[in-house]
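Here's the structure we're looking at; comments come further down.
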Amino acid sequence: MRLLVTGGAGFIGSNFVRYMLGKYPDIEIVNYDKLTYAGNLDNLRDIESNPQYRFVQGDIADAAVIGPLIAKADAVVNFAAETHVDRSIHDPGGFIQTDVVGIYTILESAREHKAGKVVLVSTDEVYGSIEDGSFREQDRLDPSSPYSASKAGGELLALAYYKTFGLPVCITRGSNTYGPYQYPEKVIPLFITNALDNLPLPLYGDGLNVRDWLFVLDHCSAIEAVLHRGNPGEIYNIGGGNERTNIEITHAILDMLEKPRSLIRPVQDRPAHDRRYSVDCEKLVKLGWAPAQPFEEGLRLTVKWYVENQWWWRKLKSGEYLDYYKKQYARGFESTKGR
Ligand code: NAD
Ligand code: TDX
């Protein structure tokens, strides 16, 4: 199989590229990535000279470059996106450009070149928040942030391309993912790396928001199942079955690092902060998928990875990252001083 992976230099995409190369001796993978602040070729250093792997730098919204790559591929898996909710609140434009216009460009090129299967990696955030129970794939979309609204926009276009043109597209809606190579703006790597440096852990609101944590390799195996066995035009939820409040996650990280709870700094809440995410994965389980990683063990090995791979994340916490960090957290730290 010749697979085009878009956004493969990010967190989940790079884990997916490594996972697929390790599992399929005959696969050929082209990784097409713009290398935004979140894209990092260090994520794939160990496989960069693998003859079955090739990297091409470019934007998914650039039809002239991505078109010929899609034409040569048997299937496309898209990870490329602007992905951080807080950044989408500061600056929504880039999210609409990549998560909607970029997806449109992939779909249009796939239609023109009569592509094989297209898998769009989306998110459980498109449903919005749920107090009790779990969302199923047919439930109504109610996104809360510019990030999740852009992802929902890309999804709806994809479903329209399936209905109108018969484009064989599948959509996955994964829950919060954690593991090695995650950019240290997301809560788990942010809190691990801050704690290692004895910096405050900025916990939003009352810390009781719930996320369902999915280990990155379980997310990869779910996407693999949908790539091979997903029905065109269908949506598949992916959840880890590990619902935890943010304060529970924070305590677990501090305990694993033997750091004091006094590092926790309650800061003002994220606007429109979804209280709880939960998805029903029965449809994916019927495709033969099940998550394999117990959460506490997965968190422990993630913490260990960040302790042992400081070469990877220390250089990321500089330049643009520090500008963003100041913009995002300075006011919050200021307003909660002494709490
Ligand atoms: P990430 O931010 O770590 O990586 C995104 C990658 O996309 C980067 O390599 C970046 O350079 C690339 N990219 C961004 N804009 C691009 C463009 N216009 N053209 C080409 N490449 C571009 O993201 P991630 O956490 O690995 O998420 C991957 C996908 O999974 C996203 O679509 C995201 O919405 C989805 N998702 C993520 C999570 C999560 O918890 N991280 C959960 C569910 C779904
Ligand atoms: O500094 C922080 N403090 C804090 O309390 C940050 C960055 C987050 N949080 C809270 C907000 C959320 O309740 O932690 C929880 C997780 O936050 P993020 O890591 O920003 O993830 P989330 O907003 O839930 O979105 C993630 O999961 C779904 C990914 O970023 C998305 O790309 C994915 O689609």
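General remarks:
- Taking Lys and Arg as +1 and Asp and Glu as -1, the other residues whose beta-carbon sits under 14 Å from that of Gly154 total -3.
- Probe 1.4 Å - accessible area at Phe333, Å² to nearest ten: 40
- Accessible surface calculations at 1.4 Å, restricted to protein heavy atoms, place region 251-325 at 54 Å² per residue.
- When the trypsin sites (Lys or Arg not before Pro) in region 121-184 are filtered for DSSP coil states and for at most 11 other beta-carbon atoms within 10 Å of their beta-carbon, the remaining sites are Arg140.
- Whole-percent carbon and sulfur share, accessible surface of region 67-206, 1.4 Å: 52
- Protection proxy ranking of 15-22, 266-273, by the mean of other Cβ atoms within 10 Å over each peptide's residues and highest first, is 15-22, 266-273.
- Amide H to amide H, with H built 1.01 Å from N, Glu243 comes under 5 Å of Trp213, counting only residues 5 or more places away or on other chains.
- Surface accessible to a 1.4 Å probe, Phe165 within the full protein complex, Å²: 100
- 1.4 Å probe accessible area per residue over region 53-160, in Å²: 40
- Averaged per residue, region 167-221 has 19 square angstrom of accessible surface, using a 1.4 angstrom probe with ligands and nucleic acids left out.
- When both bridge partners sit in region 171-267, DSSP labels roughly 25% of those beta bridges antiparallel.
- The charge dipole of region 260-333, taken about its Cα centre with unit charges on the Cβ atoms of Lys, Arg (+1), Asp and Glu (-1) only, comes to about 340 debye.
- Phi angles of region 259-264 translate, via the Karplus equation with coefficients 6.51, -1.76, 1.60 and θ = phi - 60°, into HN-Hα couplings of 10, x, 5, 5, 6, 5 Hz per residue; Gly and Pro are given as x.
- In order along region 131-137, the phi-based Karplus estimate (6.51 cos²θ - 1.76 cosθ + 1.60, θ = phi - 60°) of 3J(HN,Hα) comes to 6, 10, x, 9, 6, 10, 4 Hz; Gly and Pro are listed as x.
- Among beta bridges that DSSP assigns inside region 113-254, antiparallel share in %, nearest 5: 20
- Long-range amide H partners of Gly233 with built H, under 5 Å: Val169, Cys170
- In this label model, Leu287 and Asp255 are separated by 3.5 nm, measuring between points 7 Å along each Cα→Cβ vector.
- In order along region 281-286, the Karplus-derived 3J(HN,Hα) couplings, from 6.51 cos²θ - 1.76 cosθ + 1.60 at θ = phi - 60°, round to 9, 3, 4, 6, 4, 5 Hz, and Gly and Pro are given as x.
- Qualifying GluC sites (Glu not before Pro) in region 125-231, where qualification requires a DSSP coil assignment and no more than 14 other C-beta atoms within 10 Å, comprise Glu131.
- Region 249-295: trypsin sites (Lys or Arg not before Pro) in DSSP loop, at most 14 other beta carbons within 10 Å: Arg275, Lys286
- Annotation: amide H of Phe55 within the under-5 Å range of Asn31, sequence separation 5 or more or interchain, hydrogens built in the peptide plane.
- With all protein chains in place and a 1.4 Å probe, the accessible surface of region 248-339 carries 53 percent carbon and sulfur.
- Percent antiparallel among DSSP beta bridges (both partners in the chain, rounded to 5): 10
- Overall dimensions of region 1-149 by Cα: Rg and Dmax, Å: 16.0, 49
The values are calculated or read from the model by the stated rules, or taken from the named source; none is laboratory data. Fair warning: this is a prediction, and the values are worked out from it, not measured in the lab. All Cβ positions, glycine included, derive from the backbone under ideal geometry; neighbour counts span all protein chains shown. All accessible areas refer to the heavy atoms of the entire protein, side chains included, with ligands and DNA or RNA removed. Shrake-Rupley method; radii C 1.70, N 1.55, O 1.52, S 1.80 Å.
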